[in-house]
Amino acid sequence: MSSLSDLTIIGAGPTGLFAAYYAGFRGLSVRLVDSQPDLGGQITALYPDKYIYDVAGFPKVLGKDLVANLVEQAMQYGPEVLLNEEIRSFAHLADRTIRLVTTTGVLLTRACLITAGIGAFAPKTYGRAEIDQYAGRGLHYAVRQKSAFAERRLLIAGGGDSAVDWALNLVPVARSITLIHRRDQFRAHADSVRKLAASPVDVRVFHELRALHGNAHVEEAVIVNTKTKEETVLPVDAVLAFLGLVSNLGAIATWGLVLDGDAIVVDTRMATNLPGVYAAGDIVTYPGKLKLIATGFGEAATAVNNAAQYLNPSAALFPGHSSTVMEKRAKTGGTGGGA
Ligand SMILES: Cc1cc2nc3c(=O)[nH]c(=O)nc-3n(C[C@H](O)[C@H](O)[C@H](O)COP(=O)(O)OP(=O)(O)OC[C@H]3O[C@@H](n4cnc5c(N)ncnc54)[C@H](O)[C@@H]3O)c2cc1C
């Protein structure tokens with residue numbers, strides 16, 4: 001059994017990381033738990049090498065650079081970090097302490113902030129052994145490092161933002177790119193689709209992947225025209241398939257939280273219906289909710305400050321401006337303000 005923490009944050013995506021910083025700033029003892037092996041949530045798992053353009057203060061920022069900064073900011077107050085740990089079950093004990101059962105143990109906490117995004121998630125795979133056997137041998141369901149595709153002949157499958165954005169992103173490094181999509185309508189942003197049409201990417205609509213061939217590694221892809229059934233064999237070095245995400249709330253759905261579909265309903269304090277349990281980021285819903293990194297940051301600050309007041313009802317909701325609080329702390333060497 002673990003020691004008792006003030007706040008356990010479930011999910012170390014951008015929202016959870018910023019919440020960890022804010023809770024440390026407020027003087028709370030923090031535990032940050034994530035089922036993935038790395039910090040950074042969707043950004044680290046799905047698009048570390050993509051530029052993000054709508055984070056306040058950054059005209060553009062690479063996903064992995066944003067995560068590195070968030071981690072640096074979050075670690076200032078030394079939160080306990082537990083990775084590869086999924087929170088499975090939740091219970092209130094008689095004294096209102098919260099008991100969380102993880103993959104490997106039990107955590108005790110006075111309050112809890114759920115920033116679990118879209119829940120445990122993984123890219124959708126083809127689910128066909130003859131294709132999936134090439135995963136890690138030329139077949140990729142996410143791009144970790146753009147440089148891995150330098151001078152490669154790429155086949156990209158998909159019609160959403162990931163497929164189209166990666167095709168555009170990889171144009172400067174790849175030797176050639178063919179993009180196949182089952183339909184002629186793309187789900188990607190209209191501006192990206194326009195850029196795709198003007199790019200050197202060989203776009204083939206009404207096509208899907210039928211088979212992969214190769215020995216140790218993918219060497220050929222067989223694609224089929226879904227209308228004419230005509231097959232084409234393409235020599236390729238790598239196949240990048242963006243078929244969507246499989247996500248589920250998993251055990252969180254059974255904790256007694258009020259849900260709207262797969263999202264947790266919160267009020268303006270980011271409080272859920274369970275005492276001491278707050279939620280923020282992609283996992284929450286309220287009228288007008290937008291699933292953005294920027295909104296997650298604001299929600300994290302609101303949730304943490306309200307959780308701080310739940311933990312200590314005599315504490316102020318507003319912690320003071322960090323610029324002023326930190327100046328005071330530097331002068332007095334104390335923890336004044338913020339706590
Ligand atoms: C391809 C792509 C491009 C995007 N581009 C942009 C963009 O340009 N601008 C923008 O604002 N947004 C963008 N987004 C959306 C953005 O990434 C999300 O809004 C953001 O990641 C949400 O952050 P979060 O911390 O709330 O959740 P997440 O990033 O989903 O993190 C949640 C974390 O919780 C963990 N978790 C889940 N369940 C459990 C559990 N039971 N126990 C422990 N851990 C758990 C997960 O492993 C995950 O690490 C993009 C998304 C994608 C897929």
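Report the net charge of residues surrounding ALA45, where surrounding means a beta-carbon distance below 14 angstrom and charges are Lys +1, Arg +1, Asp -1, Glu -1. Spell out each step's value before the answer.
Numbers: positive: LYS50, LYS64, LYS124, ARG144; negative: ASP34, ASP38, ASP49, ASP282.
Net charge around ALA45: 0.
Let me check the size of segment 157-219 from its C-alpha atoms; what are the radius of gyration and Dmax in Å?
Every Cα atom of segment 157-219 included, Rg and Dmax give 12.3, 39 Å.
What shape does segment 37-89 take by its C-alpha gyration tensor, where a ≥ b ≥ c are the square roots of the eigenvalues and a/c under 1.5 counts as rounded, a/b above b/c as prolate, and the rest as oblate? The partial results should precede the final answer.
On the way: a/c = 2.73, a/b = 1.56, b/c = 1.75.
Since a/c reaches 1.5 but b/c is at least a/b, the shape of segment 37-89 is classed as oblate.
Could you work out the local net charge near ARG137, counting Lys and Arg as +1, Asp and Glu as -1, over the other residues with Cβ closer than 14 Å to its Cβ? Let's see the in-between values first.
Values: positive: ARG152; negative: GLU130, ASP132, GLU219, GLU220, ASP237.
So the surrounding residues net to -4.
In Å and whole numbers, how far do the C-alpha atoms of segment 99-165 stretch along each principal axis, longest first?
Here the spans come out as 53, 27, 23 Å, largest first.
Once each part is reduced to its C-alpha centroid, what is the distance from segment 60-112 to segment 200-237 in angstrom?
43
What is the angle, in °, between the Cα long axis of helix 322-332 and the longest principal axis of the Cα atoms in the chain? Nearest 10 is fine, range 0 to 90.
Taking the Cα atoms of the chain, the angle to 322-332 is about 50 degrees.
Determine the calculated [θ] at 222 nm for the chain from helices alone, applying -39500 (n - 2.57) to every DSSP H run no shorter than 4 residues and normalising by the residue count; nearest 500 deg cm²/dmol. Walk me through the numbers before you get to the answer.
Values: 8 runs with 83 residues, N = 339.
Rounded to the nearest 500, the figure is -7500 deg cm²/dmol.
Could you give me the percent of Cα pairs per 5 Å distance bin for segment 216-339, shortest bin first, beginning at zero and ending with the bin that holds the maximum distance?
2, 9, 12, 12, 12, 9, 7, 7, 8, 6, 5, 4, 4, 2, 1, 0
How big is D for segment 1-45, in µm² s⁻¹ as a whole number, if Stokes-Einstein is applied with the Kirkwood radius of its Cα pairs at 37 °C and 0.692 mPa s? Write out the running numbers ahead of the final one.
On the way: Rh = 10.9 Å.
Diffusion coefficient, whole number: 302 µm²/s.
Can you give the Rg and Dmax of the chain based on its C-alpha atoms, in angstrom?
Taking only Cα atoms of the chain, I get Rg and Dmax of 22.7, 76 Å.
Given the Cα-Cα distance of VAL173 and VAL246 and 0.36 nm per residue of separation, how much length would full extension add, in nm? Show your work: numbers first, answer last.
Working: separation 73, 0.36 × 73 = 26.28 nm, distance 2.92 nm.
Here the segment from VAL173 to VAL246 would lengthen by 23.4 nm.
Count charges around LEU311 for me, please; just the other residues with Cβ under 13 Å from its Cβ, Lys/Arg as +1, Asp/Glu as -1.
On the way: positive: ARG26, ARG96, ARG110; negative: ASP6.
Computed value for this residue: +2.
Can you give the direction-averaged projected area of the convex hull of the alpha-carbon atoms in segment 125-243, in nm²?
Numbers: hull surface 27.0 nm².
Averaged projected area of segment 125-243's Cα convex hull equals 6.7 nm².
If you take the alpha carbon radius of gyration of segment 228-284 and divide it by 2.2 N^0.38 Å, what ratio comes out, to two decimals?
For segment 228-284, the normalised Cα radius of gyration is 2.00.
Working from Cα positions, state the angle (0 to 90°, nearest 10) between the long axis of helix 161-170 and the longest principal axis of the chain.
70
Using label points projected 7 Å from each Cα along Cα→Cβ, tell me how many nm separate GLU220 and GLU80, to one decimal.
Label-label distance for GLU220 and GLU80, simple model: 5.7 nm.
One quarter of the convex hull surface, Cα atoms only: what value does that give for segment 56-209 in nm²? Display every interim value, and only then the final one.
Details: hull surface 53.9 nm².
Result: a mean projected hull area of 13.5 nm².
With each label point set 7 Å from Cα along the Cα-Cβ vector, what nm distance links VAL101 and ALA190?
With each label point 7 Å from Cα toward Cβ, the separation is 5.1 nm.
We did not get these values from a lab; they are worked out from the coordinates using the rules stated. Because the structure is predicted, anything quoted here is derived from the model rather than measured. Neighbour counts are summed over all protein chains in view; Cβ atoms, including those assigned to glycine, are modelled from backbone coordinates with ideal geometry.
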